[in-house]
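Just so it is clear, none of the values below were taken in a lab; they were calculated from the coordinates. Just so we're clear, the structure is a prediction, and the values are computed from it rather than from any experiment. Glycine gets a Cβ as well: all are built from the backbone with ideal geometry, and neighbour counts include every protein chain shown.
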Amino acid sequence: MIFLIGGFTLLNVLFYLRLAQGWSRIPSVSAHEKMIPFSVIIPVRNEEQTIDRILSHLAKQDYPKDLFEVIIVDDFSEDHTVQKVIQATDALDIAVRSVQLEDREKQGKKHALTKGILEATHETILTTDADCWFGKNWIRSYNDAFDESTNMVAGPVAIRGKGLFARLQQVEFSGLMGFGAVTISDENPSMCSGANLGFRKRAFEEVGGYTNNLFTPSGDDEFLLFNIMRKFPHSTHFLKNPEAVVSTAAHPSLRGFINQRTRWTSKWKHNRNRKVRVSAVLFFLDYLFFYVGIFGAIVGWFNPLWMSGIVLLRFIAMLTFVAPVNRFVLGKNAFLPLLIFQFIYPLHVLFMGMNSIFGSYTWKGRKYG
């Protein structure tokens, strides 16, 4: 057992050091003069509290107003989202169109995105969520990232909020985002976020869109990422530009957080990418053996000093990777959250892994099992 704990600890340390090196090597995007048109697609469901904010941020973009359109696709909202979009359309000096899903047998985010892409006037698509916000150079940063050989660009996302619970979410997501960025740059993709994503319409069509996973509630971002990178190698990049950061609010409640993370992890069982599935299993085993080591040190199976050294090594390795990524998205100091993560994050991963397989979750008023 000692050899298993030590072996997985070594893999853990090497893993985070490799990610830290990979993050530092991702090139920043340089500005250029050429400007291309964009279609910004936002799927919405019951977003009356946030839709005004994101539309106002789009209206403030430092980008020619005639070079982008905004398509809001309503996924059978049960509140006043649609009415607020119509009111905003009349008040804002940007091209906004509201589109409604019509078949209740075809509902959910992927159907909404597909509808928006079909309606899009322009070849280059940007997607984000209605509960997000960003700076005035968001679209311009994507313009700088797309050249003639680019089919997809994954952008950075940051979680914002006050209090320790929000900081824990922020730092955790910084690590996830950085992990996705490094694996994309290595041409070995693992994840990205549909809250900040750009791609060519023709590439979406050539890989069949979401055909193979249209009725899977989550994974609109990652499955598309895998398909485009598989069909069009060396044409996907991570947008390492602070101007491109999209922000979203941390969940104020534990229940909302669990629902979100269960939704995210539930797509793993539908993922046909062997490397991603193997990585998920290795993470599960690593954290399981870590807890066995902690328990063993408490009951006297293992030397407590030996286990303390393992905890310290793991903390330093994780800090080496996550802290620079967290600074990139202007997150607060990551030291305390990562210190806490040493003991609670393994339990979080184990719980979410099991819950995604055997549990259920509610999202946007719909229940999934």
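Among the chymotrypsin sites (Phe, Trp or Tyr not before Pro) found in segment 149-191, not one is both in a DSSP coil and sparsely packed, with 13 or fewer other Cβ atoms within 10 Å of its Cβ. In this rough spin-label picture, where each label sits 7 Å from Cα along the Cβ direction, the Arg18-His80 distance is 5.3 nm. Phi-derived couplings, Karplus 6.51 cos²θ - 1.76 cosθ + 1.60 at θ = phi - 60°, listed residue by residue for segment 111-126: 5, 5, 5, 4, 4, x, 5, 4, 7, 5, 7, 9, 6, 9, 9, 10 Hz, with x used for Gly and Pro.
The GluC sites (Glu not before Pro) of segment 2-56 that DSSP puts in a loop, and whose beta carbon has at most 11 other beta carbons within 10 Å, are Glu33. Which residues in segment 33-64 place their backbone N less than 12 Å from a point set 7 Å from the Cα of Val99 along the Cα-to-Cβ direction? Only 39-44 fall inside the zone, counting backbone N under 12 Å.
Let me check I've understood the local charge: for Ala31, count other residues with C-beta under 13 angstrom from its C-beta, Lys and Arg +1, Asp and Glu -1. What total comes out? Spell out each step's value before the answer.
Values: positive: Lys34, Arg140; negative: Glu33, Asp62, Asp144, Asp147, Glu243.
Local net charge: -3.
Relative to the dominant Cα principal axis of the chain, helix 81-91 is inclined by about 50°. In this simple spin-label model, placing a label point 7 Å from the Cα along the Cα-to-Cβ direction at both Ser56 and Glu148 gives a separation of 4.2 nm. How tilted is helix 304-328 with respect to the longest principal axis of the chain? Cα atoms for both, answer in degrees (0 to 90, nearest 10). Once rounded, one gets 20 degrees.
Using just its DSSP H runs of length 4 or more, each adding -39500 (n - 2.57), the chain gives a mean residue ellipticity at 222 nm of -17000 deg cm²/dmol after division by all residues.
What length, rounded to one decimal in nm, is gained on full extension from Thr89 through to Ile36, with 0.36 nm per residue of separation minus their alpha-carbon distance? Walk me through the intermediate numbers first.
Numbers: separation 53, 0.36 × 53 = 19.08 nm, distance 2.29 nm.
Extending this stretch completely gives an extra 16.8 nm.
Label point 7 Å out from Leu4 along Cα-to-Cβ: which residues of segment 284-305 have amide N under 15 Å? Flagged as within label range: 284-297, 302. Specify the angular offset, from 0 to 90 degrees and rounded to the nearest 10, of the alpha carbon long axis of helix 335-358 from the longest principal axis of the alpha carbons in the chain. The angle comes out near 70 degrees. The amide H of Ala158, built 1.01 Å from its N in the peptide plane, has Val246, Ser247, Thr248 as neighbours under 5 Å, considering only residues 5 or more places off or on other chains. Of the residues Asn333, Ala250, Pro304, the one whose Cα sits farthest toward the positive end of the charge dipole of the chain, with +1 on the Cβ of Lys and Arg and -1 on the Cβ of Asp and Glu, is Pro304. Dipole orientation for the chain: of the candidates Ala166, Met229, Ile71, Ala166 has the Cα lying most toward the positive pole (charges on Cβ; Lys, Arg +1; Asp, Glu -1).
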